[in-house]
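The block underneath contains the structure these notes are about, expressed in structure tokens.
The values are calculated or read from the model by the stated rules, or taken from the named source; none is laboratory data. In this text the structure is predicted, and so the values were computed from the model without any measurement. Virtual Cβ from ideal backbone geometry, glycine too; neighbours counted across all protein chains shown. Only protein heavy atoms, including side chains, enter the accessible area calculation; ligands, DNA and RNA are left aside. Shrake-Rupley method; radii C 1.70, N 1.55, O 1.52, S 1.80 Å.
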Amino acid sequence: MFFVYIVGTAASGKSLLTKSFSEWLEDHQLSVCIVNLDPAVRYLPYEPDVDVRRYVSYEKFLESGLGPNGAMIRAVDEIYNHVEFLRNEVEEYNADYVIVDTPGQIELFAFRKVTTGIIERLSMNDKSTLVYVIDSSVISKGDYDLDPYAFTSLLTLGISVKLRLRLPQSMALNKVDLLSLQQLEKLSRWLEEPESILLDVQGEESGIVSRLIEMLTTHEFGDVITVSALTEEGLDNLYASIQRELYGGEDYS
Ligand code: GTP
């Protein structure tokens, strides 16, 4: 089994990507087990095979008087105590790929102390990789342009997730169906020639941005792939990137 953890900022499209990428894998004769690891989610666009909500109740923590973030932190911490049951359920599927949809707010998952333990106990000795999802509508500037600061800061968040979770990673720039032709052209220029981002950066930030570009060109971020979970474009490239990361990419574990 290969484990693919879908992480990303709130509403970046993790759940829809979980659905569409799982369907893409199944269309290519690969079996999939979908795990929902978000204890607080109300609606999912797919039917999870294994669901953390069976074991961990976010509502219970809310009712105990905690606020929404406090309850979420307690709920994520609580996952650790039930991860063996999740693992047992996953093993019953014996699927080629286990796609794990993670909690909505990235900092409440990727940066919690328990998370590396949850991943280790869920994946055990099976190879794991991350897909860090970026909402490309967030990098839009007006209808025709892109914001280089939004773009590079979201990539920076991605590299800190990779560093925190110490797994190979692909970055999926999701929702590209929402970008205009001009924005898509600029985005592919930025991805093909990262130095061209500097043309859109002024002043003192250019030093920081050029250091980030260096990381981008030396692939320290992992691949950056443009996808749409809605139209399913780019999922073949995402699969190829995941393969590269699973077989050839750096594996810190
Ligand atoms: P949380 O876990 O609640 O933070 O959200 P999420 O990251 O799982 O995102 P979700 O899949 O719920 O998507 C958020 C919204 O973006 C939904 O309305 C989706 O339909 C929409 N969405 C997701 N992917 C795409 C995409 O590729 N294109 C477009 N246009 N909308 C998308």
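Some points to look at:
- Longest segment of the chain lacking chymotrypsin sites (Phe, Trp or Tyr not before Pro) that sit in a DSSP loop with at most 14 other Cβ atoms within 10 Å: 145-251
- Helical content alone sets the calculated 222 nm signal of the chain at -13500 deg cm²/dmol, taking -39,500 (n - 2.57) per DSSP H segment of four or more residues and averaging over every residue.
- Environment charge at Ile225 (Cβ cut-off 12 Å; Lys +1, Arg +1, Asp -1, Glu -1): -3
- Lysine pair count for the chain with Cα-Cα distance under 20 Å and sequence separation of 8 or more or different chains is 8.
- Every pair of different Cα atoms in segment 67-128 enters the Kirkwood calculation, which places the hydrodynamic radius at 12.5 Å.
- Once the 1.4 Å probe is applied to the protein heavy atoms, the chain comes out at 47 Å² accessible per residue.
- Neighbour net charge for Asp147 - beta-carbon separation under 14 angstrom, K R +1, D E -1: -3
- Normalising the average separation of contacting C-alpha pairs (under 8 angstrom, six or more residues apart) by the number of residues puts the relative contact order of the chain at 24 percent.
- Global form of segment 124-253, assessed from the alpha-carbon gyration tensor, a/c cut-off 1.5: oblate
- Dipole of the chain [Lys/Arg +1, Asp/Glu -1 at C-beta], most positive-end residue of Leu86, Ile159, Gln183: Leu86
- Among the protein heavy atoms, those of Asp147 account for about 40 Å² of accessible surface (1.4 Å probe, every chain in place).
- Heavy-atom SASA rank of Lys113, Lys14 (probe 1.4 Å, accessible area, largest first): Lys113, Lys14
- √(5λ) per eigenvalue of the Cα gyration tensor, segment 26-80, largest first, Å: 28, 10, 8
- Heavy atoms of Glu185: accessible area, 1.4 Å probe, square angstrom to 10: 110
- Rg to Rh quotient for segment 67-177, alpha carbon positions, Kirkwood Rh: 1.03
- With the whole protein complex present, Lys175 retains an accessible surface near 50 Å², based on a 1.4 Å probe.
- Taking every Cα-Cα distance in segment 184-226 and sorting them into 10 Å bins from zero, the calculated P(r) comes out as 29, 54, 17 percent.
- Accessible surface of the chain [probe 1.4 Å, protein heavy atoms]: carbon and sulfur percent: 49
- Under 13 Å, Cβ to Cβ, from Gly104 - net charge with Lys/Arg +1 and Asp/Glu -1: -2
- With Cα atoms as the point set, the radius of gyration and Dmax of the chain evaluate to 18.2, 56 Å.
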